[in-house]
Structures are given as C-alpha cells and as structure tokens.
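Beneath this line is the structure, given in structure tokens, with notes to follow.
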Amino acid sequence: MALLITGALRSAADTAAGASPSAGATPSDADASYITLDEVSVSAVKQMSALRREPEAATILTQPELERLDVVSIKGISDVVPNFFMPDYGSRITSSIYVRGIGARMDQPSVGLNVDNVPFLNKDAYDFDLADIVNVEMLRGPQSTLYGRNTMAGVINITTLSPLRYQGWRIQADLSTRLRGKVSAGWYHKFSDNTGLSLTANYSGARGEFINRYNGKRLDKEQSYGARAKFQWRITPEWMLQNTAAFSNLRQGGYPYEYLPTGTIAYNDTCFYRRLTFSDGLTARYSGDRVSVTSITSLQHIHDNMTLDQDFLPADYFTLTQRKHEIALTEDIVVRKAAAEGVYNWLAGFFGFYKHLDMEAPVTFKDTGISQLIEQHRNEAIPSYPIEWDTRSFPLNSDFTLPTWGVALYHESVVTLGAWELTAGLRADYEKSTLDYHSFCNTGYTTYRVNGGEKVFFGKGDVNIDDRGELSRDYLTLLPKIAVTYNLPANNGNIYAKLSRGYKAGGFNTQMFSDVLQQRLMNLMGIGSRYDVDDVVGYKPEKSWNYEVGAHLNTTDGKIEADIALFYIDCRDQQLTTFPDGTTTGRIMTNAGETRSFGGELTISYRPTERFTLTGSYGHTNARFRRFNDGINDYSGNYLPYAPANTLFLQGVWMIPLRKDRGVVALDVNMRGTGKIYWNEANTVTQPFYALAGAGVTYSKGDFSVQLWGKNLTDTRYHTFYFLSMGNEFLQRGKGIEGGVTVRYNFR
C-alpha cells in the first residue's frame, strides 16, 4: 500500500463510504475524502484543506497499512516516515523521538501527540498500544504556530475508528515466536443515525527477550491492558459532540543495558516500570454558514513508578525510584471560516493548559556506593581523620511539586490568488512553571584519628539535611509562520516554500537533585563544592528557525506520487541530556549554544496496476553543533548525538485475487534502515547504518483475515541506545529475528 498522502485519502474514503476496514481493503478513488471524514469524526480541526494541499511535509498511514506493518503504537512508524526515528530501548517511559536532528531523551518532548483530539502533555505516556487506529498523520517540521509548545520537530495526530462509520464487532489476536502476544476486541453500535458508541479493550504481554546474567531472569517482561469508550452524537446538522475516554495499565521490566567491555547484561538490583493512565477528551463542534467553532477539552492523569539499579552493574552502588502523579487540564478553542474556499480563508484560536505534578525521587546509596563514592573521596582528602559510615545503606530523598500553566492566542490566514496561495500565521505563547522542592537526608558517620598506624575513635558526625526552596520560570514567545504555495496545473500537485519558528519549553532538572544532595553531604564533611541549585537545576527553552521548500507531486493517471522536502534548521539553546562529569548520581538537561541541521526527504509510490504497489521513503539529516562548550570540552563542529543521519523504508505489496471469489492474498516485502548514529557529543562511539528486512503474507476473505509476518529476518545485530555513567559505557542491543501470526475477524 502506498504511504503517500493521496493514497491515504483514498483509503479514508473507503472507510467513509462504509467499506469494511479489514486488512484486505482496497483503496478507491475519492480526492476530498479526508474532509468528508472530518465532518463526521471531528478530526483535523486545524487543517484548512486536504493535508496534501497544504505547505507541509506530512505522511498519513491508514488502517490497512498500519495492520500490514503490525503498528499499534507510534514506535511502529519509525523509519516508515522519513527522518522520523523512535528507538526501542529501556522501557515505555523512554519515548525519545528524533525528527530532522531535533529530539529529546527526557523531560519536554520535541514532537506533539494528539489522539482523537486529546493532546498528550507528558511524553512519558507516549508509548502505549491502541486498537482500531483509522489513521496516523505525522507532520514534520515546526508546528508551533497552531499546536504550540513542544511541537518544534512536528506533531502526530491519531484517529481511532468511529462508531458512526462501522458497526459490529472487531476482534484481533496476535502471537509471535518470541512469545509476545496481543489481543483486542471492539464493539461498535449506532443507537440512531446520529448517535454511536464504541467500546474497545486490548491486552498485550511479552515473555521478555533479554536475560540478566546476574540472576538468570528475563528483564523486559511486560503486561499491559487498556480500554477506550468513544461516543459520538450529531445533535443537529450544525452541532456535533464527541467524547473519548481511555484507560491503560502497564507493568513492565526493562533496562537491558549491557556493559560495553563485557557485552553482557548483569546487575543485582531490580528494575521495573509501572504506569497507570486515564484521559478524557470532549470535542464539541458547531458548523454554521459563516464560521465553525470547535472546543476541545481534556483531562489527563498519569501515575507511574520507575525503579532502577542506576549503576547497572553487579555491585551495590545506588538505586533510583521515581514516583510521579500528574493531572493535566487543557482547553483549545478553534474558530475558522466555515468553507475553505474563495480568496481568503482564516483560522484563529485560544489554548490554555494547567498541569500539576507531584514526584518523589529518592536515590538509595548502598555499600559499594558509600565505600567508593563517599568514604574513599573523603578519606583521600583527609587521611589522618578517616570516616566510616554508620549504616551501609541510606537514602537521599527528594520530593517535588511542579505546577505549570500557560495560555496562547494564535491565528492563520490563507490568501488564494489564482494558482498561488499565501499563508501567514502567528502565535503568542506564555508559560509559567514553578518548582517546589524538599531535599532531605538523615544519616551519620564515625570519625577516627590515625594514631601510630591504628584508628582511634574521634567522634560521631550526624548528617541532617533538610533543604527547601522554590524556583520559577516564565516564558513569553512569538511563533510566526509564512508560506507560499504554487498549485500546478492539471491537478498535478504543488510546490511550496515555508519559514516557521519552533519552540520547546524550558524546565527543571529534577533528576539532578540527587547529585545536589550528594555534593551537599560531601560539603558537610569538608570536601567538595556546593551547587548553586538555581543554576544547575533549570534549563532554558529551545528555539529554532526552519527554512523549507518542498513539493507534493502526482501524475495525471495517479500511478506515481511523490513528496519532496528540503530543510535547513537554525537552532538556539538546543536541549541535550548529559551525565555530569565524574562519579555522580544525577543526569542533567543542558542547553547547547547553537546547532544547525539540513537535509531532505523523499517519499515516492509507483502503482502500475491496481494489484501492485512499490513505495519508498528516504530521509537524510546532517545535524551538527555550531557552538557548544560544556565547560570541559568544545564540541563545536561535531554531529549531534542520537539523531540518525539516514532513515530508509522500502516496500512492495502485491494483491492476488483468488479464483471463484475465494478471497485475496497480499504479499508484502519491506525493509527499514537507520544510521549512522553518533552516541555521544565527542562522536567517539557510533552505530553504523543497519537494515531490517520484513515480510508478510495475508489471506483475507470478507471480514476475516490471517497474516503471517516476519521482522528482522536476517537477524541483524544492532544497538538502539548508548550512555555513559560513572565512567562506564552501556549499550542496549536491538531485537533479533521474529515471526508471528495475526488473525482478524469483523462481524456485524
């Protein structure tokens, strides 16, 4: 199936026309289908017209395409979308996304996520499974003018199946050779022509692939389940109401980090991740003769627990537990001209949000950590008065409260002058964030005096730290966008040029407080330095200018479609995750001085017949530091870490109708490629380009389908993550060869 946008619009038209959204669905011809779908599903409220007509680098993946590639979460579109990379490592809290050299490993996301119009504010909850996805659209480049904070690399919009489009049951079961399984069931019902309700539930489990050689247990075992209720009501021809409530619960191991010198995973303390989420989004839409008004109100709740053996070695250094409880409220009001036609079209809106985070993040020092990180340093500094800690385990406690709120006004205008379209937009965004912290530690040690080579008791030392404080940051920024589009004759596509500004909010390094406490403790014993909390804990917003030219092209007969984009990004204060130098317990978000990225993207589809499609997408990014000195090293001119230089996706699909109406067989061969990836700012450790081969065979007849599939068929060895902690290097290996079977059945 083609991955280009026009093909996606056609596939959406099938769903809009009432076709069964099974794996064997075949696109039909209807160019304005996405707008038609919009009228019912209340999606795409910020698009002036069909997405491919707009000056955006964008990809839409439809339900048949997602099912063919076994995509149930946004990690599944990595590499399929050019210059989009979301590595699979750690646990589901590590939802790192890199687009065009822009990305984030912790704290603020660089890519926004909306599911049925509900914006997800915390990227810790990005990685979850969804049943019955109708389409996923990924817009690349800054989307800050319309979508606001933390969309400087793009935005992902996900739409789930509407009960006004499909009625009946949908059941899916999936099992792989690595004992990973999924099952989902959905009930879709129309109470009347204007009212519908869907209830879906899904479960997934995994035995785990990686073994901890210290105890022989599998690290990455997982169990998750979720449910979603979607209600739609067309009250009158003018009024539409949609409410989507979703719940999920996750219990997961994780963090299979191998020690680089030995190539083995071996550590002694338990690691796990637990997450409970709930969201509810209410979309109300009025469509009048002159204007349409859409209100999107959401409530989100996240409660999670990440516990780590933070040294990832078979030694008792220290562990980290991070427990969070976050509640967020958002309101987005969009007013636009009712019909996107004529010379002048416009859109305006207001966005406001409030989120409240309570977090506990104790770091527990254990015997080896006390011995090597505290006692050894202290005794080397003052050898005549050595110390011994009274207990061989104690916590450095940190509790945080982080209320954050913001408001924004935005506007976009489009003027059409014949074949030319001029677009201009502006957003004024204000945000205020506050950090209330309480750091405390109660422990003690014994001091000895060296007398004639023997240690003699000298005294007791109590460590009673109780630090409290409040920090606040506020930011006001203007986010403009201008674009020029030329529509080619004979409906052969368009060419565009665009200038836009990206913005990612600043914040606080809460995980740095363990190191702040450690240094405070050492300072009480007469060594070390005391941090300026305000200086090391806060980091600044990240801002960028994106210069882009591109085209959406297609032949008159529709057999060839192509999307092309070239970009240059000038980024200031880019946020990077680093580990402080030396034997410390924290990690820190810091701002690089200046970076720049340039590159291009190409997606092309060739469909010589209705039964055969060839698709390819390629993205290239050259991202370097223009100016970055961390106080120890000058990395100017080096490549940015973690962002791949190339992404590649190739796919061929052949539909074979069987005789006597016995069904359809679809053959799918595909390949994903990623790399080169630089793992550190010094560019001394890299992951070369690697390719993962996949294939599938699907038999479908009516509402039944069965699919045999394989991933990484060549069992390619590659790594998805690298980091340096306490001078030790760690890697996570990517998943090996895997096969599986998926059964889908729809009945009405």
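The values are calculated or read from the model by the stated rules, or taken from the named source; none is laboratory data. Treat the numbers as computed from the prediction; the structure is a model and nothing was measured. Cβ coordinates were reconstructed from backbone atoms using ideal geometry, including for glycine residues, and neighbour counts include every protein chain displayed.
If the condition is being surrounded by 15 or more Cβ atoms within 10 Å (Cβ to Cβ) and either touching a residue at least 40 places away in the same chain (Cβ under 8 Å) or basic (Lys, Arg) (or both), then the range 646-657 contributes ASN646, THR647, LEU648, PHE649, GLN651, GLY652, VAL653, MET655.
Filter the range 515-556 down to the residues that are at pLDDT below 75, among the acidic types (Asp, Glu) and not in a helix (DSSP H, G or I) and list them by number. The answer is ASP532, and nothing else.
Yes or no, residue by residue, for (1) under 30 Å from ASN591 (Cα atoms); (2) modelled with pLDDT of 95 or more; (3) in a loop (DSSP other than H, G, I, E, B):
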| position | (1), (2), (3) |
| --- | --- |
| GLY631 | yes, no, yes |
| SER636 | yes, no, yes |
| THR647 | yes, yes, no |
| GLY652 | no, yes, no |
| ILE656 | no, yes, no |
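For the range 733-748, a tally of residues being touching a Ser or Thr at 6+ places or on another chain (Cβ under 9 Å), part of a strand (DSSP E or B) and of a type outside the set (Val, Ile, Thr) returns 7. Considering the range 534-555, and only residues there that are in contact with a Ser or Thr (Cβ under 9 Å, 6 or more places away or on another chain) and within 30 Å of ARG607 (Cα to Cα), the residue that is surrounded by the most Cβ atoms within 10 Å (Cβ to Cβ) turns out to be HIS552. Looking only at residues that are β-branched (Val, Ile, Thr) and surrounded by fewer than 20 Cβ atoms within 10 Å (Cβ to Cβ) in the range 283-304, which one is farthest from MET48 (Cα to Cα)? Looking at residues that are β-branched (Val, Ile, Thr) and surrounded by fewer than 20 Cβ atoms within 10 Å (Cβ to Cβ), I get THR297.
For the structure I just gave you, tell me whether TYR98 is more than 23 Å from THR62 (Cα to Cα) and of a type in the set (Phe, Trp, Tyr).
Values: more than 23 Å from THR62 (Cα to Cα): no; of a type in the set (Phe, Trp, Tyr): yes.
Answer is no for this residue.
The single residue among ASP668, ASP703 that is at pLDDT 95 or above, more than 20 Å from ARG180 (Cα to Cα), crowded, with 16+ Cβ neighbours inside 10 Å and among the acidic types (Asp, Glu) turns out to be ASP668.
In the list TRP239, TRP233, which residue meets the criterion of being at pLDDT 95 or above and surrounded by fewer than 15 Cβ atoms within 10 Å (Cβ to Cβ)? Break it down into steps so the answer makes sense when it comes.
Working: TRP233 fails: surrounded by fewer than 15 Cβ atoms within 10 Å (Cβ to Cβ).
Going through TRP239, TRP233 in turn, just one is at pLDDT 95 or above and surrounded by fewer than 15 Cβ atoms within 10 Å (Cβ to Cβ): TRP239.
Count of the range 636-671 residues, restricted to those that are hydroxyl-bearing (Ser, Thr, Tyr), more than 30 Å from LEU708 (Cα to Cα) and within 27 Å of the chain's Cα centre (by Cα), is 2. Of the residues contained in the range 93-104, one or more are found to be closer than 23 Å to GLU67 by Cβ, of a type outside the set (Gly, Ala, Ser) and touching a strand residue (DSSP E or B) at 6+ places or on another chain (Cβ under 7 Å). Kindly establish whether ALA483 is in a strand (DSSP E or B) and surrounded by fewer than 20 Cβ atoms within 10 Å (Cβ to Cβ). So ALA483 fails the test.
So, of the residues in the range 126-148 that are among the hydroxyl-bearing types (Ser, Thr, Tyr) and within 19 Å of LEU51 (Cα to Cα), which turns out to be surrounded by the most Cβ atoms within 10 Å (Cβ to Cβ)? Residue satisfying both the conditions and the ranking: SER144.
When restricted to residues that are buried (at least 21 other Cβ atoms within 10 Å of the Cβ), modelled with pLDDT under 80 and part of a loop (DSSP other than H, G, I, E, B), the range 38-63 contains 2.
Of everything listed in (1) more than 23 Å from the chain's Cα centre (by Cα); (2) buried (at least 16 other Cβ atoms within 10 Å of the Cβ); (3) at pLDDT 90 or above; (4) farther than 30 Å from SER705 by Cα, the single unmet condition for ARG607 is (4). Scanning the range 305-319 for residues that are surrounded by fewer than 21 Cβ atoms within 10 Å (Cβ to Cβ) and under 22 Å from the mean Cα position of the chain (by Cα) yields ASN305, THR307. The set of residues in the range 530-577 that are within 13 Å of ASN492 (Cβ to Cβ) and polar (S, T, N, Q) comprises ASN554, THR555, THR556. Of the candidates GLN167, GLN223, the single residue that is loosely packed, with under 15 Cβ neighbours inside 10 Å, at pLDDT 95 or above, closer than 30 Å to TYR259 by Cβ and not hydrophobic (A, V, I, L, M, F, W, C) is GLN223. Here is the figure for the range 200-255: residues that are over 21 Å from SER298 (Cβ atoms), small (Gly, Ala, Ser) and in contact with a Lys or Arg (Cβ under 9 Å, 6 or more places away or on another chain) total 8.
Can we say ALA419 is surrounded by fewer than 14 Cβ atoms within 10 Å (Cβ to Cβ) and more than 23 Å from LEU517 (Cβ to Cβ)? Steps first, answer last, please.
Working: surrounded by fewer than 14 Cβ atoms within 10 Å (Cβ to Cβ): yes; more than 23 Å from LEU517 (Cβ to Cβ): yes.
Yes, satisfied.
Against the condition of a type in the set (S, T, N, Q) and buried (at least 24 other Cβ atoms within 10 Å of the Cβ), how does SER95 come out, does it pass? Here the answer is yes, as SER95 does meet what is asked. Restricting ASP280, ASP269 to residues that are closer than 30 Å to PRO395 by Cα, buried (at least 16 other Cβ atoms within 10 Å of the Cβ) and among the acidic types (Asp, Glu) narrows the list to ASP269. The single residue among ALA229, ALA246 that is in contact (Cβ under 8 Å) with a residue 24 or more places away in the chain, of a type in the set (A, V, I, L, M), assigned to a strand (DSSP E or B) and more than 30 Å from ALA338 (Cα to Cα) turns out to be ALA246.
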